[in-house]
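Computed from the coordinates by the stated procedures, all read-outs in this text should not be read as laboratory data. In this text, all values refer to a predicted model and were calculated from it rather than measured experimentally. All Cβ positions, glycine included, derive from the backbone under ideal geometry; neighbour counts span all protein chains shown.
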Amino acid sequence: GAVVSQHPSWVICKSGTSVKIECRSLDFQATTMFWYRQFPKQSLMLMATSNEGSKATYEQGVEKDKFLINHASLTLSTLTVTSAHPEDSSFYICSARMGETQYFGPGTRLLVL
Amino acid sequence: KNQVEQSPQSLIILEGKNCTLQCNYTVSPFSNLRWYKQDTGRGPVSLTIMTFSENTKSNGRYTATLDADTKQSSLHITASQLSDSASYICVVSAKTGANNLFFGTGTRLTVIP
């Protein structure tokens, strides 16, 4: 099946720094990728839809200036958490759509101290 | 309002026993329903996908059912193993909309020896 990777798998950073998370579709091209955030014992919450070559579409309540998304190629989308704060600590998961199916990455655990 | 509800919220069973997880949804227009398994700290992995016309689908020890009339689905796990301990998420797709996935909050299954 299709494979989606994320890097890094976990990151610890100081408050105020920026963190970039990469999402790659390894064996297929994805014009659309999705970024989710998941808090402990909760389900995935869609943050934004990343469209190759155009601006991302953000869900209500998600600050686009804080969560910068770039989808520069058909196999790579990046999420940058700018000026991270402890409340941004979470599990970030991306997915890529191939046909009718979304394939999820393994997730990135972010801890902001 | 499009919603997906799962029950129970958590479940503990003995190794070797069977269990059934429930998913009720109000998503419309309905496209398909997927069950995902999410291990702790990992991204979701697809177990089954069912369309409107499918009533039952199996994947090894996992059997999913769908009743499109009552908008209910179940995931039955047979002869549980310790490695089945995970969260099981029901995800329903709508036919329309760029953001057309609706996530349940998941059932946390713990299999004990």
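For the range A:39-69, what are the residues that are touching a Ser or Thr at 6+ places or on another chain (Cβ under 8 Å), under 27 Å from B:Q9 (Cα atoms), in a loop (DSSP other than H, G, I, E, B) and hydrophobic (A, V, I, L, M, F, W, C)?
Result: A:F39, single match.
Any idea which residue in the range B:48-76 is farthest from the other protein chains (Cβ to nearest Cβ), counting only those that are under 28 Å from A:F91 (Cβ atoms), free of Cβ contacts under 8 Å to residues at least 40 places away in the same chain and not polar (S, T, N, Q)?
B:R61
Working carefully through the options B:S80, B:S31, B:S73, find the one that is of a type outside the set (A, V, I, L, M, F, W, C) and within 14 Å of the chain's Cα centre (by Cα).
Only one candidate passes the filter, namely B:S73.
Taking B:T107 and the conditions (1) in contact with a His (Cβ under 8 Å, 6 or more places away or on another chain); (2) within 12 Å of chain A (Cβ to nearest Cβ), which numbered condition does it fall short on, given that it satisfies the others?
Only one criterion is unmet by B:T107, namely (1).
When the range A:80-113 is examined, which residues are found to be more than 14 Å from every other protein chain (Cβ to nearest Cβ), buried (at least 19 other Cβ atoms within 10 Å of the Cβ) and in a strand (DSSP E or B)?
A:V81, A:V112
Listed here are the residues, each with its yes/no results for (1) within 25 Å of B:N2 (Cβ to Cβ); (2) not in a loop (DSSP other than H, G, I, E, B).
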| residue | (1), (2) |
| --- | --- |
| B:T40 | no, no |
| B:G43 | yes, no |
| B:M50 | yes, yes |
| B:T65 | yes, yes |
| B:S74 | yes, yes |
| B:S93 | yes, yes |
